[in-house]
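First comes the structure, then the notes that go with it.
The values are calculated or read from the model by the stated rules, or taken from the named source; none is laboratory data. Remember, it's a predicted structure, so these values are computed and weren't measured experimentally. Note that we place each Cβ from the backbone using ideal geometry, even for glycine, and neighbour counts take in every protein chain shown.
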Amino acid sequence: MDAHKPTTGPYKLALDRGLQLRIAPDSGRTLLVRYTVKGKTAGLQYRLSRESGKGWGQIRLAAGCAEATRIRALARDGIDWPAQEANRLRAEAEAREVKDGDDGLTLAMAVRQCVDARRRAKDG
């Protein structure tokens, strides 16, 4: 993988069945998983969450191949895992917003509460 150098534009290399390495002009290496769910291939591509490489916070090629195999196996069973994961994360974010927004505070009310809490007797 390290032998492939960046060019003026991004390009992709096929590494395994359904697994591609995208090399960006800024030397960023991203693993892409292409999969088919119930015969639909149009645009079904999932970018693995971390950059490819051997450093801290990067995903190794073997782990990327294992993840691609898992996603493709789920897709063969008719499960679009990346779409389900995106929906789950979106639902969690909406639930957090609803939970945080229940108090009905506006910015002005929150500032007033903060000022009142910090005001001392000598401040008036």
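Annotations
- Output for segment 63-74, where each listed residue is over 9 Å from Val33 (Cβ atoms) and among the small types (Gly, Ala, Ser): Ala63, Ala66, Ala73
- Only one of Ala83, Ala91, Ala95 that is modelled with pLDDT under 85 and among the small types (Gly, Ala, Ser): Ala83
- Candidates are the residues of segment 1-52 that are among the basic types (Lys, Arg) and over 18 Å from Cys65 (Cβ atoms); the one that is modelled with the highest pLDDT is Lys38.
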